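Notes to accompany the following structure.
What follows draws every value from the coordinates through simple rules; no lab data is involved. It should be emphasised that the depicted structure is a prediction, and the values quoted were computed from it without experimental measurement. Glycine also receives a Cβ, built like all others from the backbone with ideal geometry; neighbour counts cover every protein chain displayed.
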Amino acid sequence: MPAEQADRVSDFKQLLAGHGYVADSSLASTLLLTTGLARPLLLEGEAGVGKTEVAKALALARGTRLIRLQCYEGLDAHSTLYEWNYQRQLLAIKLFEHDERSAAEKERDIFSEPYLLKRPLLEALCASPAAVLLIDEIDRADEAFEAYLLELLSDYQVSIPEFGTIRARTRPIVVLTSNGTRELSDALRRRCLYHYVDYPDFSKELMIVQARVPEAPQALARQVVEFVQSLRRLDLRKKPGIAETLDWIGALLQLGVSTLDEHGTDRIMESLSALLKTREDRARMTRPAIEKLVASC
């Protein structure tokens with residue numbers, strides 16, 4: 001990597017770190033390319049590894065808005081773009097009863113921008129300066145919506161029958177996330193830059209904990225990260241993500257735990273609701289199992 005590019009990546013990593021996100025060089029480089037090439041970025045990885053936080057940190061680093069579209073099964077294109085404010089339109093029609101303008105002029109009035117409710121996609125197209133558009137969990141939406149999204153992001157414009165065509169004032173920075181619940185189309189992958197977000201290694205997760213929970217004692221932070229890293233190596237139904245790590249150390253601090261040892265097993269068991277999120281996983285964490293993990297920290 002040329003020295004100038006390496007400096008840019010290093011500076012950008014520091015900028016993200018200043019907003020609470022610890023990024024490696026590969027992710028920082030990809031984010032710089034996303035903004036430089038004006039290409040959407042697809043982030044893939046297990047739930048809880050911090051994909052959504054990437055978009056939040058990017059918006060903070062650029063000093064711009066984050067506009068989030070949460071995808072779900074049955075999501076339709078219309079509800080992500082716009083709606084008309086029917087209540088205001090009906091009120092306007094009532095007020096227009098004694099208006100001497102023509103019907104066409106009145107119609108143009110009530111189908112104007114003041115009566116338009118912008119949903120996330122249209123809001124991102126209209127934002128100035130360019131916003132970060134987070135399309136979260138695109139794999140939960142169906143293939144028809146995915147195809148529509150590709151068309152919209154190709155032209156960065158939308159046509160509203162009663163209003164006309166709205167073109168992007170500035171292209172939004174688009175970040176899509178996927179947990180891999182279904183296979184995404186080749187067409188989507190071709191149009192995006194790609195980065196796989198994995199669970200962090202020990203040193204990276206420790207940096208995240210120190211950045212987000214600075215009040216935690218250094219020794220406790222190291223033990224918590226080691227404990228969670230060991231948990232992820234077990235055959236759990238739902239492996240704890242970074243958010244669970246942060247929640248757990250916060251819970252331990254609330255319970256007055258300053259170190260993990262065999263004398264504090266009761267407190268550790270009381271705090272597991274912040275770390276393990278299924279009945280099966282919780283049942284596996286018996287007292288002997290916890291004591292064994294603590295001993296290895």
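Apply the a/c threshold of 1.5 to the C-alpha gyration tensor of the stretch 54-170 and tell me whether it is rounded, prolate or oblate. Cα axes put the stretch 54-170 in the prolate bin. With respect to the chain, whose longest principal axis is taken over its alpha-carbon atoms, helix 51-62 is tilted by about 70°.
Karplus-derived 3J(HN,Hα) values for the stretch 244-258, using 6.51 cos²θ - 1.76 cosθ + 1.60 with θ = phi - 60°, are 5, 4, 5, 4, 5, 5, x, 5, 4, 5, 4, 8, x, 8, 10 Hz; glycine and proline are entered as x. Peptides 251-260, 49-58 ranked from most to least packed give 49-58, 251-260, packing being the mean of other C-beta atoms within 10 angstrom over each peptide's residues. Note on R282/R65: beta-carbon distance plugged into 1/(1 + (r/R0)^6) with R0 of 25 Å gives a FRET efficiency of 0.05.
Which residue, A216, A23, A47, tops the fluctuation ranking in a GNM of the chain built on C-alpha contacts under 10 Å? Maximum fluctuation in the GNM of the chain, among the listed residues, is at A216. Pairing the Cα long axis of helix 202-212 with the longest principal axis of the chain, what angle in degrees results, from 0 to 90 and rounded to the nearest 10? Compared with the principal axis, the helix lies near 60 degrees. Using the Karplus relation 6.51 cos²θ - 1.76 cosθ + 1.60 with θ = phi - 60°, the per-residue 3J(HN,Hα) values for the stretch 175-188 come to 10, 10, 10, 9, 9, x, 6, 8, 6, 7, 6, 4, 4, 5 Hz, with x marking Gly and Pro. With 0.36 nm allotted per residue and the present C-alpha distance subtracted, the D11-Y196 stretch has 64.4 nm of extension available.
For the chain, the Cα gyration tensor yields ellipsoid semi-axes of 45, 23, 18 Å (square root of five times each eigenvalue, largest first, whole Å).
Electrostatic bookkeeping for L31 treats Lys and Arg as +1 and Asp and Glu as -1; over the other residues with beta carbon under 13 Å from its beta carbon, the sum is +3. Each 10 Å bin from zero up to the one holding the largest Cα-Cα distance in the stretch 128-283 carries the following percent of pairs: 9, 28, 23, 19, 14, 6, 1. Footprinting exposure proxy ranking of K292, K238, fewest other C-beta atoms within 10 angstrom first, gives K292, K238.
Amide H contacts for I135 (H built 1.01 Å from N in the peptide plane; partners 5 or more residues away or on another chain; cut-off under 5 Å): L69, V175, L176, T177.
Note on T170 and D155: the model spin-label points, each 7 Å out from Cα along the C-beta direction, lie 2.4 nm apart. Along the positive direction of the dipole of the chain (beta-carbon charges: Lys, Arg +1; Asp, Glu -1; about the Cα centre), which of V9, I160, P129 reaches farthest? The residue sitting most towards the positive pole is V9. Only the Cβ atoms of Lys and Arg (+1) and of Asp and Glu (-1) were treated as charged; on that basis the dipole of the chain about its Cα centre amounts to roughly 400 debye. What the Cβ-Cβ distance of T35 and D139 gives, at R0 = 22 Å and to the nearest 0.05, is a FRET efficiency of 0.35. Going from the residue with the fewest nearby Cβ atoms within 10 Å to the one with the most, H78, H98, H19 rank H98, H78, H19.
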